[in-house]
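The values are calculated or read from the model by the stated rules, or taken from the named source; none is laboratory data. Just so we're clear, the structure is a prediction, and the values are computed from it rather than from any experiment. Backbone-built Cβ (ideal geometry, glycine too); neighbour counts: all protein chains shown. The protein model used for the area step is the full one, side chains on, heavy atoms only, and it has no ligands, DNA or RNA in it. Shrake-Rupley method; radii C 1.70, N 1.55, O 1.52, S 1.80 Å.
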Amino acid sequence: MSQTHERQNPAFYALVFALVMMAIGPIYLMLTTSLRLNVDIMSDASALFFMPTLRNYETVLCDVLWYTPEHVGYCDPTFGRALGNSLIVALISTGITLIVGCMAAYALVRFRFMGRGTLSMTTLMMRMVPPAVLLVPVFGIWTFQYHMDGTYAGIILVYVAMNLPFVIWILQSFIVQVPIQLEEAARIDGANAFQVFFLVVLPIIKPGLAAASIFTFRIAWNEFLIANALLDRSTRTVPVTIVNSLTEYDIDWGVIMATGMLLAIPPIIFTFVASKQIITGMTAGAVKG
Amino acid sequence: MAAAQIKRMTPYMFLAPAAAIMIVGLLYPIGYMVYASFLDWNPSQRIGEADFVGLRNYVTLLNDAAFRESAGVTLTFSAIVVVVEMVIGVGLALLLDRNIRGISVLRTLFILPMMIAPIVVGLMWRYMYHPSVGIFNQTLKEWGFEPIPWLSDSGWALTSIIIADIWQWTPFIFILALAALQSLPRTSLEAARIDGASGWQQIVYIKLPLMMPVLVVTALLRLIDSFKVLEVILVMTNGGPGLSTEILSLRISRTASEFRELGLAAAMSNYLLLILLTLTVIMFVYNKVVESRAQAIRQQAEEA
């Protein structure tokens, strides 16, 4: 976009500025709270001036730090472990969803199985199912039939299945745009279907892959309800530990905000790195139809 | 011969993993849930041991005042949230649809609330609504007003969670509406401008009707998603005080985990799905109507 910007009424800039403040205000507040000691949080005075400290982060991460922070009397390993669990679950789910989703999307487009309409309809239907609805059957089946409660494999299966319809649907809209001549040329040079797919098609649809992986990662990383029902003490993910540490009274806001901040950092990084792809993923559904 | 065979099998080989995962991880559980809703089942029983009770769970729920209240809260929450967010989101999009510097920065920052974990969003708002250290009550106190019991009063609690949801999801509508506006056919707008339509007239007679198909889909997506909001409310109020903020998703999860009534929770899930299905079908039909109308306007504008 190399358009020239028109000069606008300053009121518009004021409005844009106010909107930006509203959008990031709460996040900024969380950040500053996580950098404060509890004494400072509880005192009314000097909301603006305080000594930032990383103590809360040290408390949270004491288990995985290479040194022992001196202010931590007892080191609670729960969060360090949960962070590892979350990373494993989110990364593996994203990987599997992408590979499987890509192959299915390719088959749907190139071998003309179902029309676009059927696929969008299925995606919409799947989007309609709230995670709370899956709670009962997943709990029952995973515990008594698959015997996968408390394992990474169990929760990864749920996340992959939940994300597949959307990923297939978004990827096929990218694959449709790959010129078929390119594939035919590769085929004449002697490549088989798998080689064509991995060496020709995949590199072209990278932006689609980026959008799909961010959306999958976000769901697997943020999900609470099903993780809470399926996972046990040693496999719990971060959202579950956060909710478990919330008590009615006497919440250690500094520490819990540090935890929240750590959970929020990966999605924030993605947003800044790939906002264009995210917007494509969001708008593709409604605007192009 | 073997090569031809492989070639014929290729599409199936590409599709098989996805199909297998969706059947095992999604379709089977959903089918299972429909079946479980006819059972009297608690979590320590295997499903074969549970008694078949027919439609009893459904009838129990209809007579259950708490369930009816919860359904009412869900519908109120979704209706208010969708309407308010549509008005603000579309309004902002119409206002900001011009070439100004910083609009892409605004869009990037606007995505943040949607990307962050709902648990964390709940946490932030619970902190801001905190009776003594929260920013809202501190500001009110500074200005000499009475502090407001944001989350502890049953009248205010619903308003508070609605405000949090509006903060989180209005950007979604804004971004979709802006994308719709920028993909409008320039010719129709040009034609209207040449005919001397004022800014308001352009919005009311050209832009809004042409955007309508997208807006209906947007509203539908938002409506569906608003029925799924759970974590934010769980962290902020856990459904209380009383049942004032207990939306259906939350009630399903509590019925399953606290009251240990899996059959009842499954029946509730089915009711929720039925409500969603009805709303989706209505919106879908409405969308078809609107789309044909938009088509007519586009043609008219181009001919004129």
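Below, the figures for the structure above:
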{"item": "Single condition B:Gln182 does not satisfy, out of (1) more than 10 Å from chain A (Cβ to nearest Cβ); (2) over 30 Å from B:Tyr271 (Cβ atoms)", "result": "(1)"}
{"item": "Residue, surrounded by the most Cβ atoms within 10 Å (Cβ to Cβ), within the range B:176-228, restricted to residues that are over 27 Å from A:Ser275 (Cβ atoms) and of a type in the set (Ser, Thr, Tyr)", "result": "B:Ser188"}
{"item": "Qualifying position, being more than 10 Å from chain B (Cβ to nearest Cβ), without any contact (Cβ under 8 Å) to a residue 12 or more places away in the chain and β-branched (Val, Ile, Thr), among A:Thr118, A:Thr151, A:Thr123", "result": "A:Thr118"}
{"item": "Elements of type helices (runs of 4 or more DSSP H) in the range B:92-175, at least 1 residues being among the polar types (S, T, N, Q), open to solvent by 50 Å² or more (accessible area, probe 1.4 Å) and within 11 Å of chain A (Cβ to nearest Cβ)", "result": "B:103-115"}
{"item": "Residues (of a type in the set (Val, Ile, Thr) and either more than 30 Å from B:Ser244 (Cα to Cα) or exposed (fewer than 15 other Cβ atoms within 10 Å of the Cβ) (or both)) located in the range B:16-33", "result": "B:Ile21, B:Ile23, B:Val24"}
{"item": "Criterion (more than 12 Å from chain B (Cβ to nearest Cβ), part of a helix (DSSP H, G or I) and open to solvent by less than 10 Å² (accessible area, probe 1.4 Å)) met by exactly one of A:Ala220, A:Ala212, A:Ala185", "result": "A:Ala212"}
{"item": "Condition broken by A:Val178, with the remaining ones in (1) more than 9 Å from chain B (Cβ to nearest Cβ); (2) over 30 Å from A:Leu135 (Cα atoms); (3) modelled with pLDDT of 85 or more satisfied", "result": "(3)"}
{"item": "Among residues of the range A:1-24, those that are more than 9 Å from chain B (Cβ to nearest Cβ) and at pLDDT 80 or above, counted", "result": "3"}
{"item": "Yes/no for A:Thr94 being among the polar types (S, T, N, Q), surrounded by 20 or more Cβ atoms within 10 Å (Cβ to Cβ) and either assigned to a helix (DSSP H, G or I) or on the phi > 0 side of the Ramachandran plot (or both)", "result": "yes"}
{"item": "Filtered residue count, the range A:129-164, keeping only those that are of a type outside the set (Ser, Thr, Tyr), open to solvent by 10 Å² or more (accessible area, probe 1.4 Å) and in a helix (DSSP H, G or I)", "result": "8"}
{"item": "Which numbered condition A:Leu246 fails, given (1) more than 9 Å from chain B (Cβ to nearest Cβ); (2) surrounded by fewer than 20 Cβ atoms within 10 Å (Cβ to Cβ)", "result": "(1)"}
{"item": "Candidates B:Arg254, B:Arg260 - the one that is of a type outside the set (Phe, Trp, Tyr) and either within 27 Å of A:Thr283 (Cβ to Cβ) or within 21 Å of the chain's Cα centre (by Cα) (or both)", "result": "B:Arg254"}
{"item": "Selected residue (criterion: nearest to A:Ser173 (Cα to Cα)) from residues of the range A:190-206 that are surrounded by 13 or more Cβ atoms within 10 Å (Cβ to Cβ) and among the aromatic types (Phe, Trp, Tyr)", "result": "A:Phe197"}
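This table checks each residue for (1) more than 14 Å from chain A (Cβ to nearest Cβ); (2) open to solvent by 70 Å² or more (accessible area, probe 1.4 Å); (3) without any contact (Cβ under 8 Å) to a residue 40 or more places away in the chain.
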site: B:Ser37; (1), (2), (3): no, no, no
site: B:Trp41; (1), (2), (3): no, no, no
site: B:Gln45; (1), (2), (3): no, no, yes
site: B:Gly54; (1), (2), (3): yes, no, yes
site: B:Asn57; (1), (2), (3): no, no, no
site: B:Thr60; (1), (2), (3): yes, no, no
site: B:Arg68; (1), (2), (3): yes, yes, yes
site: B:Gly72; (1), (2), (3): yes, no, yes
site: B:Phe77; (1), (2), (3): no, no, no
